[in-house]
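Notes for the one structure printed next.
The values are calculated or read from the model by the stated rules, or taken from the named source; none is laboratory data. Not measured: the values here are computed from a predicted model. Cβ sites come from the backbone with ideal geometry, for glycine too, and all protein chains shown count toward neighbours. Heavy atoms of the whole protein, side chains included, go into the accessibility calculation; ligands, DNA and RNA do not. Shrake-Rupley method; radii C 1.70, N 1.55, O 1.52, S 1.80 Å.
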Amino acid sequence: MALWYALEHHGGALEFDLHRYCGLDLADMYRGTITARKVAVLLEYLPPDSAVRRRVGGEGSLTIQEHALRNLFHAAQLQLYQGGGGKGSKPKEPQIPPTYEHQRQVEERNQARRDRWLAKYGHTLPSRQNNT
C-alpha cells in the first residue's frame with residue numbers, strides 16, 4: 001500500500017500503529033525527524049492484526065490464527081454435511097473480508113440511492129399510522 005494512500009484514507013489507523021508497534025509519532029515525519037521512506041517501510045511490514053490492515057480489509061487483514069480457525073470451521077461444516085448424507089446445500093468456502101475500496105463503493109451506491117429517493121419524494125419520510 002502506498003504511503004500517500006494510507007495517509008489520505010487511513011491516517012488515524014497509521015498513526016495508532018506507528019505509536020503501538022514502533023513507538024513513533026506520525027508527526028515526526030512532518031517535523032523531519034524520520035523520513036517518509038522509513039514510514040513507508042514500517043507501513044509495508046505492519047502485522048496483520050494492525051489497525052491499518054484491519055481497516056483496509058481483504059486477505060491481508062487476517063492473522064494466521066484466523067485463517068486456521070476459518071479453515072477448521074469449514075472442515076467441520078463439510079464433515080457434518082457429508083455425515084448427513086450430503087443432503088441440503090453444500091457449505092460454502094469462508095469469504096474474505098471486504099476491502100476498504102469495496103466498502104467505500106457500497107457506501108457511495110447507498111448514498112446515491114438515498115439522494116435519488118430524497119429527490120423523488122422530498123425530505124420528508126412517509127408518515128406512519130399508529131395502530132393503537
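For the reader, a short list of remarks on this structure follows.
- Ala6 passes every criterion in (1) surrounded by 16 or more Cβ atoms within 10 Å (Cβ to Cβ); (2) among the small types (Gly, Ala, Ser); (3) not in a helix (DSSP H, G or I) apart from (3).
- Scanning segment 9-28 for residues that are open to solvent by 30 Å² or more (accessible area, probe 1.4 Å) and of a type outside the set (Asp, Glu) gives His9, Gly12, Phe16, His19, Arg20, Tyr21, Cys22, Gly23, Leu24, Ala27.
- Filter result for Pro94 (out of contact with any Phe, Trp or Tyr (no Cβ under 9 Å at 6 or more places or on another chain), assigned to a loop (DSSP other than H, G, I, E, B) and surrounded by 12 or more Cβ atoms within 10 Å (Cβ to Cβ)): no
- Being surrounded by 10 or more Cβ atoms within 10 Å (Cβ to Cβ), within 16 Å of the chain's Cα centre (by Cα) and not β-branched (Val, Ile, Thr) is a property that Leu118 lacks.
- Test: residue in segment 80-87 that is in contact with a helix residue (DSSP H, G or I) (Cβ under 6 Å, 6 or more places away or on another chain), open to solvent by less than 80 Å² (accessible area, probe 1.4 Å) and at pLDDT below 90: no
- Candidates Gly32, Gly85: the one that is over 30 Å from Ala2 (Cα atoms) and over 27 Å from the mean Cα position of the chain (by Cα) is Gly85.
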